Amino acid sequence: MVTVFIVVFVLGYLMIATEHNIKIDKASSALLLGVALWTILITVGYDLIDTGTKHFGDFMFAFSEDMNGKSIDEIKHKFIEHSLLEHLGELASILFFLIGAMAIVEVVDMHGGFTIITDQIKTEKKVALLWIIATITFFLSAALDNLTTTIVMVSLLRKLIKDQPTRWLYAGIVIIAANAGGAWSPIGDVTTTMLWNSGQITALPIVIKVIVPSIVSLLVPALILSFTMKGTVERPDPKSASAHGLDAHGSGAGVTATEKKIIFTVGLAGLLFVPVFKTITHLPPFMGMMLSLAVLWIVTEVMHKNREHGHYLSVISGLRRIDLAGVLFFLGILLAIGSLQTAGILKDLASILDKSVGDIYVLNILIGALSAIVDNVPLVAAAQGMYEIAPEGVYGVDGTFWTFLAYCAGTGGSMLIIGSAAGVAAMGLERIPFGWYLKKISLLALLGYLAGAGVFILMIQLF
């Protein structure tokens, strides 16, 4: 039965990885995979349930009266149902967090709020522009998320650089900077958010421990490119550059400079308020995100109540623009990982890795390298299932294993353009060939990744 599980998972994953070849969206493949694995587990996979685990023991203790007189298969069936609902609760926390964050970003974008940053860039010198783009992307990704930041910055590059090959180089730096910036922020990368939501890391320690290695992972490729870039960039014709923040219905048209600043400030402050809210109330992060969304919603309703086409600038319009397929992809793949965790397969994998690798630094570096080939979301979800939070030590809250995992999974995907959401977005927007990225950017990303990992290990040894 373990073989059946692994074969189904691998086949489903191949469908996800080759979505462009088979012309089937990865969200549908992920949903099919998640449902298929849980169906297999609850129909013919009873023998995979280990009744000696703490999870099963806690279940029996909580529902002992309901289990009286039931056969072992019936008990396992109830245990699987209970586990699915537990996983669904964790998933809902992540998904609602993502929906709220994406809606806030869309509303700010519809009001042209991001132009407050981008309109300040005046230089045409290649090296200066490189560092400006890298710095903005790095910190914007930490405040927002790497996917949204990449979309915004690629849109900016189209206004700043006419030559496509040159623009591709900057897009490569945007991918590296967005992934590096997201790795050290609880709200900057989905994988870091997953670790934060699940309690493996907390907000301030992850910033302190990972920000320096993340900076190094960006500094190394940026410095190398600085020695090869010369001259100035040619700006495109302003008339040919599409207005940022406007959709087909003219959203954003007529928004005053004051309104733009208000929405930008409220939106960004709302995103930055989420970690503070969690620290003060100890409620899950999605609650803070929902609060921030509600405040922004009220502000836009009041602001545009007398505007003829104000509904195009509302939060409702922003919700329609979010990537729902991406949300469903996360649901499907995390459901699939949850089934492997409930079946005990991830525990077995943890034992194999401990025996064959052992060293947590090597293990996390390998996970980061794998995230360049496959999506980092299931890799981090698998690690969460393989290793329980210990009372203290390297596997404790904010322990070395979890913080290094956040760095490796967040930055490792930069080594291939398909290895991260940021890379896939840039690839689609700029039509960057896989081979071009492999030739021009992958080695730079690898050197930065290893340099940052080395700095992290050195900091742990020294401090």
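Please treat every number below as a calculation from the coordinates, not as lab data. From a predicted model like this one, the values you see are computed outputs, not experimental measurements. Every residue, glycine among them, receives a Cβ derived from its backbone with ideal geometry; neighbour counts consider all protein chains shown.
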Seminar exercise, completed: Over all directions, the range 335-447 yields a Cα convex hull whose mean projected area in nm² is 7.9 nm²
Problem set entry | Rounded if a/c under 1.5, otherwise prolate or oblate - the range 322-395, Cα gyration tensor axes | prolate
For this session: Please sort 293-303, 25-35 by packing, taking for each peptide the average over its residues of neighbouring beta carbons within 10 angstrom, highest first.
Result: 25-35, 293-303
Exercise. How large is ³J(HN,Hα) for each residue in the range 388-400, as worked out from phi by the Karplus curve 6.51 cos²θ - 1.76 cosθ + 1.60 (θ = phi - 60°), to whole Hz, x for Gly and Pro?
Worked result: 7, 6, 8, x, 7, x, 5, 9, x, 4, 6, x, 4
Problem set entry | Computed helical MRE - 222 nm, the chain, DSSP H runs ≥ 4 contributing -39500 (n - 2.57), nearest 500 | -23500 deg cm²/dmol
Exercise. So for the range 89-463, taking the charge dipole from beta-carbon charges (+1 Lys/Arg, -1 Asp/Glu), which of Met102, Leu296, Ala134 sits furthest toward the positive end?
Worked result: Ala134
For this session: Considering the options Ser314, Ala30, Thr51, tell which one lies farthest towards the positive end of the dipole of the chain, charges being +1 on Lys and Arg and -1 on Asp and Glu at the Cβ, about the Cα centre.
Result: Ser314
For this session: Restrict the search to the range 294-352; then list the trypsin sites (Lys or Arg not before Pro) that DSSP places in a loop and that have at most 12 other Cβ atoms within 10 Å of their Cβ.
Result: Lys305
Exercise. With charges set only on the Cβ (+1 for Lys and Arg, -1 for Asp and Glu), what does the dipole of the chain come to about its Cα centre, in debye to the nearest 20?
Worked result: 1840 debye
Seminar exercise, completed: Beyond 27 Å (Cα-Cα) in this structure, taken from Lys76/Lys278; Lys162/Lys439; Lys54/Lys209, we find Lys76/Lys278; Lys54/Lys209
Seminar exercise, completed: Note on the chain: contact order normalised by length, alpha-carbon pairs under 8 Å, 6 or more apart, percent, works out to 24 percent
Seminar exercise, completed: The local net charge around Ala178, scoring Lys/Arg +1 and Asp/Glu -1 for residues other than Ala178 whose Cβ lies under 15 Å from its Cβ, equals -3
For this session: Could you work out how far apart the two model spin labels at Leu458 and Ile280 are, taking each label as a point 7 Å from the Cα in the direction of the beta carbon, and quote it in nm?
Result: 4.0 nm
Exercise. At what distance in angstrom do the alpha carbon centres of the range 418-449 and the range 73-103 lie from each other?
Worked result: 33 Å
Exercise. Bin by bin, in steps of 10 Å, what percent of the Cα pairs in the chain do you find, going until the bin that has the longest distance?
Worked result: 4, 20, 29, 26, 14, 5, 1, 0, 0
Exercise. Residues with amide H under 5 Å of Gly396's amide H, sequence separation 5 or more or different chain, H placed in the peptide plane at 1.01 Å from N; which?
Worked result: Ala390
